[in-house]
Amino acid sequence: MTQRTRFTVYLVVVHVLLAAAGLVVLFQYPIWLLVIEAVFVVSIAAGVALTRRMFRALDHATAGSQLIRDGEFTSRLLPVGQPEIDELIGVYNRMIDHLRDQRTQLQEQQHFLADVLRVSPAGILVLDFDHRIVSINPAGERLLGRARDDVAGRRLDDFEAPLARPLAALQAGETTVITTSSSRRIRCHHGTFMDRGFRRSFILIEELTEEIRQAERSAYEKLIRVMAHEVNNSVTASNSLLTSSLTYSSELSADSRQDFDRAIGIVIHRTAQLNQFMRSFADVFRLPAPRKHPERVVDLLESTVRLVSARPDAAAVNWSWDVDDVNLSVPMDRSQMEQAFLNVLQNAIEAQAGTIAVRLHSRNGGRPTLRIEDSGLGFGPEAQSNLFTPFFSTKPNGQGIGLTLVREILSAHGFDYSLHRQPGEPTVFTIIF
């Protein structure tokens, strides 16, 4: 029962009692009846007027609460001319203005944050209280390799993706750098925030590959340039002296002259090789920008396979081809990509591969993809993160140039790439054109 109803019932009961008292007076004191009836009428009129004025403030309060309940913060109440009610109306209007300003500010902030998340190069995953993904921005989709619809409502360890399990293993507040099979380096941070008094999680994914690669490139280029300069100066001077020393061989006996000439020749040859070795390192970081023209990928692969098949250690290799479009053409620098294919195939042969499979697929609805699989010895998990690092090699006499050159060529072309091997499976070099 509302307060208005209670008060109305009270007035009705009081006036019924007064009416009953009036009947008694009617029979005993008829003259006083007129006086009582006049008081009765005045009382009713005064009660009705006071009730209306009393509940007018309640009507304003009810209307205001309904507006708040409906989220309508643009309507304001007008003063009614009563000081007490007008004071309440003023408080309500100030509260509504404040709520409207706050809502506008929140909407603007949400719109701004939505735009920032949409264009941010860093991936952001927002998790619910059960660590299920409720939001992911476009960069997060790209870095995770899965679409929004595929991950929404799922935990990170519920689906297969290169970064999914490492991200799921991150503890709150932890930051780590993950190296993928394509030498990409990705910094991941597991942060938290408060939502309605409870702690929720978000994961920040930031790719550092290009930033680190440019820093490494600059450092290696400077180091190699200095080393090449010093080696070239030393080798040039040393070979000049050694060549001059050969003129003294005529002063030696016949037996000693032959040993002397052979020793000096070996030293000159080795210093020349050292000079060439340093120039080859410098050439890796002085690659010209690729001059791209449409090239048939199969033609480049076949010519490169014919070249490496002439190697003595490739005689026992069994070649396998799986091509769904022999006419596939891709804009590329022919000479640079031939060098990249050559290095990849040479690595497969030197890994003592019995079978090398060349798979070129372009009709699966995505970007054309080349996979070169070999059944060779491969490499261990500890070498995975260093495969494309300059000077690193898994071969006893390797120089660590080949994969570095491949990386520079493919990156300059804008091609994605990866090199990975699972235990008991072939080593796979993937190039996505």
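Taken together, the values in this text are just the output of simple stated rules run on the coordinates, not laboratory data. This is a predicted model, so every value here is computed, not measured. Methodologically, a virtual Cβ is constructed for each residue, glycine included, from the backbone with ideal geometry; neighbour enumeration extends over all protein chains shown.
Of the peptides 9-17, 329-337, the ranking by mean beta-carbon count within 10 Å, highest at the top, reads 329-337, 9-17. Residue by residue, the stretch 141-149 carries 3J(HN,Hα) couplings of 4, 5, 6, 7, x, 9, 6, 4, 5 Hz when phi is fed to the Karplus relation 6.51 cos²θ - 1.76 cosθ + 1.60 (θ = phi - 60°); x denotes Gly or Pro. Descending by average beta-carbon neighbour count within 10 Å, the peptides 106-119, 161-174, 340-353 line up as 340-353, 161-174, 106-119, the highest first. The modelled label-to-label distance for the pair Val91/Ile432, using points 7 Å beyond Cα in the direction of Cβ, is 6.2 nm. Cα extents for the stretch 98-182 along the principal axes, largest to smallest and rounded to whole angstrom: 52, 27, 27. Length available on full extension from Ala45 to Ala20: 0.36 nm per residue minus the Cα-Cα distance, which gives 7.1 nm.
Round to the nearest 0.05 the FRET efficiency obtained for Phe202 and His361 when R0 = 45 Å and r is the Cβ-Cβ distance.
The calculated FRET efficiency here is 0.80.
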